[in-house]
Each structure stands twice: as structure tokens, then as C-alpha cells.
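Just below is one structure, and these are the notes that go with it.
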Amino acid sequence: MLLKSIAILAALFVIRYLAKQGLLLGFHKTAFTHWPGPCRSVSPVEYGAEDMVLTKNGLAIITSGIDVAYRGDVTDPRISAAPGKLFAFNFNKPEQNATELEFAIGTDSEFSPHGISIWEEGSETRIFVVNHRQDAETIEIFKLIGDIAKPKIEHIKSVQNPLFTSVNDVLATGPSSFYATNDGYLRFTAWRVLETLLSRPWGSVVHYDGSEAKVVVGSTFEYNGMGLSLDGQFVYIARPFTSSIMIYERSSETNDLAFHQEIAIGALPDNIFVHPVTGDLWSGCTAIGYRLLAAFENIDNWAPSLVVRVRPLGTKDRPFEQFKVYDVFSDDGNIMSSSSSAAVVGNGLLIGSVMQKLVYCDMKVDSTLSRDTY
């Protein structure tokens, strides 16, 4: 009788787990295509535009060529072979192509970029980039030089710390300080797959103050892209495995983070763009999880793309106490696969993907998403 009861409980646990994973991976979902206006692919980006940042004068800096092998997954060898690059896109001249930014990181040419952040102070602009090196996780800090027509970057330094276990994104808080999300613990090993399947909370959020690092949020699972509120009071963190965005209140003195709110957005968010005027959150999302996994195994299996906008309707202290989520862009493989990031200037929408194209859309929207709201 006892063995029978244990068997029933075990079966119920397995059924619950499979049902949860099935909902998460979106086996019940269907993707549709709708664009907010005319959209086009932006050359010469071919191997992804996983994340992007925006300067005050309308220049987007984009990471390309992430090697997702750090997660231990079985991936298409074409992904690992893609060269790591940084591109620039000028929103002031959206008809033009993106341009590659050339740089050198000392004598080590290994560069597999992931998340990216920006710090602008006075006339100086610094770019922070997550780099998945084989021997370590590093944050590369660059200086943006030149004008918007001919931007260039210069490598300043590489930051490495034992608390950088499996870094997904970086969020600058000063010229040499930043937050970093660890989306897990293990890297470049098949054991990482088991860590993910068992939902082990071995990730964290770390703050680096320019010399030392400390954990500010512990025991996390698959925390992803980050954004900072316009007043610097809140840190937004994408949590794709719960289809939500976590909101933490930030201490201006210690940079510690305290949980504030979790908002459900009905999609699997990757990276977060905070609109510099409205404070709205824009996110490139995974529309259907299992199709993204299929795309990792073979990039010819296109995964649906989705961009959502989360508009705060609450108070200054609780901006997302009330909010609305808008489905701005959706595509079922007609123009891009596996969207992961977005940036907005005026009615221009730039959308990045994990492994393939960069897309620009000229938004022609209805009264709900009027031009004035952007």
C-alpha cells in the first residue's frame, strides 16, 4: 500500500512537471504575424543582434555573434562559428545599413558578446559588454569615440570576478560599476542542461563597484536582461521562465536590491529597453519556447518573434502598480527569427534576434499606440 501511494505521488509529480514545462514551452500557442508598419532587414547583420543600447543622440550599439554553447545545450555548429562583433545603427538615418565597430581586446581576440549596457556622463560614453570566454566570464568596458556619422570604440579594460559565474546581462551604474545577472552557475558543460531542467536556483544578481563584487540577489533561476528606471530607483529584470519582469528597489547608497514587484506580461522576455522619455518597458520576447529550442539545434528552424511594450499607469513610488501590455510586433518567421531585444526612437523600432537578423520598422500605429505615446 505504501509503495502504491509513493508511485501515485511520483506519477502526479511527473505529470505536474510535464504540464508546467509544456505551458512554459508554449506547445499550446500559435504565432501570428503583424507588424506596426513597414519593416526591413538591416544589413550586414547576419548572426544575431542579441542585445542593444541607445545613446542620447540616437546611435544604437548592438552585440552580434553570441555563442550559446556556454549553456551546455546541443546547438547548431553555425552558431558557435559566428564571429563576435559589435555594430552601430543610426536612428537619425534609418535608411542606412548598420556599420561594424572595429576594436582590439589586448592580445586576446576571443569575443563572444551577450548583454550590453551604456553609461553616459558629460561628453564621455562607455559601453559595457558581457563576454563569454572559454576560460572566464568577463565584462568588457569600451569608450565610444568619434561622431555619430563615424562612430568608433576603444577598449578600456576587462573585468573578471569569481562571482561572475554565467553572466547574461550587464547594467551600468557608473563609469566602472555595474550590475550583472548570472542566469545559472555551470558553464560550457552538459551538466548545465540538468541544472536548467531541474530548475536549480543557482543564479544571482551581482553588483561590482569598480573594485569589488557582491551578491545583491541570491538563489535566482534564469534571470536575464536588465533595465534601470529613469530616476534610478528601480531595476527591472526579465524572468523568461515565469513570463514576467521582476522589479527591485535599489539603494542609492549601497546598490543593494530589495524585491518590489513582479509583473506578468504573457511572453518570455529576454532583454529590456527603458524608453528614455516615457519610462515604458520594451522587450524582445520569445513567443513560443519549444520553437526557440528547435532553432538552437538548427537555425533553419525559424522561431516566432514578439516585441511587447509595458506601459506604467501607477504612481511615482509604484509605477507598475497598474500597467498595460501591448503586443507591438509579432512575426512567425517571415522576416526574422527569435527576437531578443528592441530599441525605440520616435516611431522607429529596431529589433534584434538571438542568432539571425536585425530588423527596423517604421511604426504606423492605431490610436491605442499613437505616435504621441512614443
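Where a number appears in this text, it was derived from the coordinates with a stated rule and is not lab data. This structure is a prediction, so every number in the text was calculated from the model and none was measured. When we count neighbours, we look across all protein chains shown, and the Cβ atoms used for this are built from the backbone with ideal geometry, even at glycine.
Structure values in brief
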read-out	value
The chain - mean residue ellipticity at 222 nm from DSSP helices (-39,500 (n - 2.57) per run, n ≥ 4, rounded to 500)	-3500 deg cm²/dmol
Projected area averaged over orientations for the chain, convex hull of C-alpha atoms, nm²	19.6 nm²
Efficiency of FRET from Cβ geometry, T242 and N298, R₀ 45 Å, rounded to 0.05	0.95
17 Å cut-off, amide nitrogen to a point 7 angstrom out along E124 Cα→Cβ, residues in region 165-186	172-178
Förster-model FRET efficiency, 41 Å R0, Q96 and D135, C-beta, rounded to 0.05	0.60
Cα-based radius of gyration of region 69-220 once divided by 2.2 N^0.38 Å, which approximates compact folds	1.11
Set of aspartates and glutamates near K316 by C-alpha distance (under 16 Å), chain-local residues within fewer than 8 positions excluded	D231, E249, D280
Most to least packed among 322-333, 204-215 [average Cβ atoms within 10 Å]	322-333, 204-215
Estimated dipole of region 257-341 in Debye, rounded to 20 [Cβ of Lys and Arg +1, of Asp and Glu -1, Cα centre]	340 debye
Globularity index of region 84-153, i.e. its alpha-carbon radius of gyration over 2.2 N^0.38 Å	1.18
Listed pairs K56/K85; K150/K324; K93/K364; K150/K214 exceeding 29 Å between Cα atoms	K150/K324; K150/K214
Dipole magnitude of region 216-371 about its Cα centre (Cβ charges: Lys, Arg +1; Asp, Glu -1), debye to nearest 20	300 debye
Rg over Rh, two decimals, region 247-374 (C-alpha only, Kirkwood Rh)	1.01
Per-pair calculated FRET efficiency, R0 = 25 Å: V277 and K143 via Cβ, rounded to 0.05	0.45
Computed Kirkwood radius, in angstrom, where 1/r is averaged over Cα pairs of region 153-277	15.0 Å
